[in-house]
């Protein structure tokens, strides 16, 4: 996958800022098909579920265009990404009662 950065596109610039915070992303997998997604903090304090194809942020839901979150995940997934592999993977264990795990929204479940 080739990902390009356009310095005149605000979403590209914001995606780079999100990529710099990739160590704060939480990685998960859908139970239905194992498709990976990230829980990414938004600029308004909300958490958005994002992968390389879809996102639960208002921008994506209202405009059906690639948002900064999807762009950041695509940058992270590219082979040359300097922060690749730094996202945390939380697994349920004895100490974790599951309350830190968010339910995957239907928006990410429908598209495959």
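Computed quantities for the displayed model
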{"read-out": "Residue list for the stretch 27-46, filter: within 14 Å of residue 72 (Cβ to Cβ) and either touching a residue at least 60 places away in the same chain (Cβ under 8 Å) or surrounded by 15 or more Cβ atoms within 10 Å (Cβ to Cβ) (or both)", "value": "27, 37, 38, 39, 40, 41, 42"}
{"read-out": "Meets criteria (surrounded by 15 or more Cβ atoms within 10 Å (Cβ to Cβ) and modelled with pLDDT of 85 or more) for residue 23", "value": "no"}
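The values are calculated or read from the model by the stated rules, or taken from the named source; none is laboratory data. The structure presented is a predicted model; accordingly, all values stated were derived computationally and were not measured. Cβ: placed from backbone, ideal geometry, glycine included. Neighbour counts: every protein chain shown.
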